[in-house]
Amino acid sequence: MRVALAQLEIEGGAVEANRERAEEAVAAAADRGADLVALPEIFNVGYFAFDTYQRAAEPVEGETLARIADAARDHGIGVLAGSIVEDLAETESVETPADEGLANTSVLFDRDGSRLAVYRKHHLFGYESAEAELLVPGDQLGVAEFEETTVGMTTCYDLRFPELYRDIAEEGADLVLVPSAWPYPRVEHWKLLPRARAVENQFFVATVNGSGDFEDASLLGRSTVYDPWGTTLASTGDDPDLVVTDVDPTRVASVRDEFPAWRDRRR
């Protein structure tokens, strides 16, 4: 399976411009033969544009995700629209963790634009961030079948909580997509954590970050795909880019057979 990571330039609060960049990235990924493309965290609003969250929040059925679903169908490509600020009170077609409030929500679309899974970020960032004050955490794992691959979904800060990734591994995930808005100066953490999650669970991990400057932060880009050994398959720098690489889901089983660490685990 060919996977693309759309490292978009994201402008804080510029919803329409950000949507258009996302649609263009879906088309570009399809042109490069990708089967599945992932978008960054809160790609339509900008993670650090906290003052626009309430104004720009949408239901799962809202315009942003409808346009991404259309792009998936028009180009015949799977898309992880990861993520938007979801208005839980307005969402009608998907079970929500609360009757009201906002969530950091990703949706996985099939090639025909149908919804395969919805994931709401479990771990909300509280360190010098308003996210934990503004949003409601999710309570369901994000795992779905995309053709011959079992795809898991997490979001950014989730990387610091390995138990979530083990739960996803136990659900049979071959590949975990991680939409993010990871800023400077925590470059070493960004390089270490997803690689560790790949090694300890022996599956593919693909991190897709944004690019751009906000009033209080700059996104560091460096979207990367790691294989089940923790080896980097493809990566990029801090500028907008499209990372494309091939992922073989059968390699997960072969690595676990070759180095069967799971057999030695004690609960």
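Just so it is clear, none of the values below were taken in a lab; they were calculated from the coordinates. Everything quoted here is computed from the prediction, not taken from an experiment. All Cβ positions, even for glycine, are placed from backbone atoms using ideal geometry, and neighbour counts span all protein chains on display.
A few points about this structure:
- When F146, F43, F259 are sorted by how many other C-beta atoms sit within 10 angstrom of their C-beta, beginning with the fewest, the order is F259, F146, F43.
- CD proxy at 222 nm, helix term only [per DSSP H run n ≥ 4: -39500 (n - 2.57); per residue of the chain; nearest 500]: -8000 deg cm²/dmol
- Estimated vicinal HN-Hα couplings, Hz - the range 105-110 in sequence order (Karplus 6.51, -1.76, 1.60; Gly, Pro = x): 10, 10, 10, 9, 10, 7
- Tensor-based shape of the chain (alpha-carbon gyration tensor, a/c under 1.5 rounded, otherwise prolate or oblate): rounded
- Whole-Å distance, taken between Cα centres, linking the range 28-48 and the range 203-248: 11
- Among V37, V60, V15, V178, the ranking by other beta carbons within 10 Å of each residue's beta carbon, starting with the fewest, stands as V15, V60, V178, V37.
- Fewest-first sequence of E41, E148, E58, E24 by Cβ atoms within 10 Å of each Cβ: E148, E24, E58, E41
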